[in-house]
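Below is one structure, written out as structure tokens; the observations come after it.
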Amino acid sequence: MESLQPLLDFFSAIEKDFRISSTHIAIYAALLRYRSLKGFINPIEVFRVELVPAAKISSKSTYHKCLQELHEYGYLRYEPSFKKTRGSRIYFFDFEISKTHLL
């Protein structure tokens, strides 16, 4: 159950946020899955091609737009990489601490 807590916290945080779509949720869930495979490190470094199959997203622009919006809305910190040999960095927040500024 402990490994589900970050996803449960995310759902609690987005419950009343009308800006969040199913695509945002799919990307966030795929990021959490990737993070768990990497030993729950924070931040993670990820390439788009590693994430889109799990998130069921086919559009490159949708992926980048939703990640940028999750960053802008305060659900994670997204540092895009513009190098082919380096993945983008994703920092996860502890929603128990930061959830109050999201609403």
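The values are calculated or read from the model by the stated rules, or taken from the named source; none is laboratory data. Keep in mind that what you see is a predicted model, and the values were worked out from it rather than measured. Here the Cβ positions follow ideal geometry from the backbone for every residue, glycine too, while neighbour counts run over all protein chains shown.
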Notebook entry, point to check: Got a sec? Which strands (runs of 3 or more DSSP E) wholly within the chain have at least 3 residues that are of a type outside the set (D, E, K, R), out of contact with any Cys (no Cβ under 6 Å at 6 or more places or on another chain) and touching a residue at least 40 places away in the same chain (Cβ under 8 Å)?
Noted result: 88-92
Next item on the list: For F95, work out the one condition from (1) modelled with pLDDT of 95 or more; (2) surrounded by 15 or more Cβ atoms within 10 Å (Cβ to Cβ); (3) more than 12 Å from L31 (Cβ to Cβ); (4) in contact with a Pro (Cβ under 9 Å, 6 or more places away or on another chain) it doesn't fulfil.
Entry: (1)
